[in-house]
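Below is one structure, written out as structure tokens; the observations come after it.
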Amino acid sequence: MNILLSGPPASGKSTLIAKIVDFLRVNSVKVGGIVTPEIRKNNIRVGFKLVDLMTLKEVVFAGINLKSNYRVGKYFVDISLFESISIPALENAEKESDIIVIDEIGKMELFSKKFEEVIKKIMNGAKPVLAVVHRNYLDEYKIFGKVHWLERENWNETYNAILSEIQKIFQLG
């Protein structure tokens, strides 16, 4: 069973995913996959890094100071750097983890056709996936799992609903 999370900017999607990952790790569930936390300088977002949840390898793949032909807003996206961590992280998670986390599936990440192929294969696979899907791609990806729409006002309710689904999947608590 795949769990998909979407919502408007700054609704707390990445925070919710991080709390679920912490819960899973505390309960000895092997978590694999990727997260793309923001990089901030003087409280201004200047880019994004990519982190492999199993190896903790990380790379800055998008930023205002990178040079690339790929761009989303003010951020330039280095596809080869992104693929150098994301593809092995996801393939390893598919083999070694109990659950695969993807934060997020959005325009920057989908510049990589390899990434898109791997995530669609994973979402059709046997392991549960917990993924953040950018609202612009929800129509395409909602076929892969149950969608939770997060807004600041329903954060606790959404967190509890996803936590309950995770507990059922892994027979926890």
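Side notes on the structure shown:
- Residues that are closer than 16 Å to Phe76 by Cα and either open to solvent by less than 30 Å² (accessible area, probe 1.4 Å) or not in a strand (DSSP E or B) (or both), drawn from segment 14-45: Thr36, Pro37
- Residues that are part of a strand (DSSP E or B) and touching a residue at least 24 places away in the same chain (Cβ under 8 Å) were ranked within segment 71-87; the one that is most open to solvent (accessible area, probe 1.4 Å) is Val72.
- Ser68 vs. criteria without any contact (Cβ under 8 Å) to a residue 60 or more places away in the chain, open to solvent by 70 Å² or more (accessible area, probe 1.4 Å) and either of a type in the set (Ser, Thr, Tyr) or touching a Leu at 6+ places or on another chain (Cβ under 7 Å) (or both): no
- Val147 vs. criteria in contact with a Leu (Cβ under 8 Å, 6 or more places away or on another chain), modelled with pLDDT of 95 or more and either more than 17 Å from Ala62 (Cβ to Cβ) or open to solvent by 60 Å² or more (accessible area, probe 1.4 Å) (or both): yes
- Verdict on Leu90 being on the phi > 0 side of the Ramachandran plot and either within 16 Å of the chain's Cα centre (by Cα) or open to solvent by 60 Å² or more (accessible area, probe 1.4 Å) (or both): no
The values are calculated or read from the model by the stated rules, or taken from the named source; none is laboratory data. This one's a predicted model, so the numbers in the text were calculated from it and none came from an experiment. Every residue, glycine among them, receives a Cβ derived from its backbone with ideal geometry; neighbour counts consider all protein chains shown. Remember, those area values only see protein heavy atoms, side chains included, never the ligands or the DNA or RNA. Shrake-Rupley method; radii C 1.70, N 1.55, O 1.52, S 1.80 Å.
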